[in-house]
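Trainee: Provided herewith is a single structure, encoded as structure tokens, for subsequent inquiry.
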């Protein structure tokens, strides 16, 4: 794409690669908001008989044999793409800021882990559900550690010193 500089009176307009890249970066960052809204909607709207949002985990909705598994897996794939895109947007926004690049990389890793959830399902045992083997526990621990590492690096990436006044 060729860059163009247009002048109209005292106003100058630049149309080129810089504008396209900025638009893509902003769109990727909006994916973070959309992913959070989608996940909240998934938890609020998807449920099954006997499922309690207070005492049970959302991953139980993906249990083998659960009536909500198919819908949750489809929406979960969209969530995975949105979170990974958001991580890429944070990475692209970081410039030379290493801490912010780390947050972006962790978000991309967290989003990419969503691709593994179909291989670590839970199974229903009567009214209770439990994890299948070690795969679900290992994946859950990695996801939680990545999710906790990102926000802990965020304030330093944003320039907050944490020292108060």
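Trainee: Does residue 123 satisfy the criteria of being farther than 20 Å from residue 31 by Cα, modelled with pLDDT under 90 and crowded, with 21+ Cβ neighbours inside 10 Å?
Mentor: So residue 123 does not fit the description; no.
Conditions (1) touching a strand residue (DSSP E or B) at 6+ places or on another chain (Cβ under 8 Å); (2) surrounded by 19 or more Cβ atoms within 10 Å (Cβ to Cβ); (3) in contact (Cβ under 8 Å) with a residue 24 or more places away in the chain; (4) in a helix (DSSP H, G or I), marked per residue:
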{"residue": "78", "(1), (2), (3), (4)": "no, no, yes, yes"}
{"residue": "81", "(1), (2), (3), (4)": "no, no, yes, yes"}
{"residue": "86", "(1), (2), (3), (4)": "no, yes, yes, yes"}
{"residue": "96", "(1), (2), (3), (4)": "no, no, no, no"}
{"residue": "100", "(1), (2), (3), (4)": "no, yes, yes, yes"}
{"residue": "104", "(1), (2), (3), (4)": "no, yes, no, yes"}
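Trainee: Next question, about the same structure. Against the condition in contact with a strand residue (DSSP E or B) (Cβ under 8 Å, 6 or more places away or on another chain) and loosely packed, with under 15 Cβ neighbours inside 10 Å, how does residue 54 come out, does it pass?
Mentor: no
Trainee: So, one more: Among the residues of the stretch 135-149, is there at least one that is more than 14 Å from residue 32 (Cβ to Cβ), modelled with pLDDT of 80 or more and either surrounded by fewer than 16 Cβ atoms within 10 Å (Cβ to Cβ) or touching a helix residue (DSSP H, G or I) at 6+ places or on another chain (Cβ under 8 Å) (or both)?
Mentor: Taking every residue of the stretch 135-149 in turn, none turns out to be more than 14 Å from residue 32 (Cβ to Cβ), modelled with pLDDT of 80 or more and either surrounded by fewer than 16 Cβ atoms within 10 Å (Cβ to Cβ) or touching a helix residue (DSSP H, G or I) at 6+ places or on another chain (Cβ under 8 Å) (or both).
Trainee: I need the full set of residues from the stretch 77-95 which are modelled with pLDDT of 90 or more and more than 8 Å from the chain's Cα centre (by Cα), in order please.
Mentor: Residues satisfying the conditions are 77, 78, 88, 89, 90, 91, 92, 93, 94.
Trainee: Residue check: is residue 61 in contact with a helix residue (DSSP H, G or I) (Cβ under 6 Å, 6 or more places away or on another chain) and crowded, with 20+ Cβ neighbours inside 10 Å?
Mentor: Against the criterion (in contact with a helix residue (DSSP H, G or I) (Cβ under 6 Å, 6 or more places away or on another chain) and crowded, with 20+ Cβ neighbours inside 10 Å), residue 61 qualifies.
Trainee: List the residue pairs whose Cβ atoms are under 7 Å apart, where the first residue sits in the stretch 50-61 and is within 15 Å of residue 121 (Cβ to Cβ), the second is part of a helix (DSSP H, G or I) and modelled with pLDDT of 75 or more, and the two are 6 or more positions apart or on different chains.
Mentor: Between residues of the stretch 50-61 that are within 15 Å of residue 121 (Cβ to Cβ) and residues that are part of a helix (DSSP H, G or I) and modelled with pLDDT of 75 or more, the close pairs are 58/43; 61/72.
Trainee: Which one is nearest to the chain's Cα centre (by Cα), of the residues in the stretch 64-76 that are assigned to a helix (DSSP H, G or I) and surrounded by fewer than 12 Cβ atoms within 10 Å (Cβ to Cβ)?
Mentor: Looking at the filtered set, the residue picked out is 74.
The values are calculated or read from the model by the stated rules, or taken from the named source; none is laboratory data. Not measured: the values here are computed from a predicted model. We place every Cβ from the backbone using ideal geometry, glycine too, and count neighbours over all the protein chains shown.
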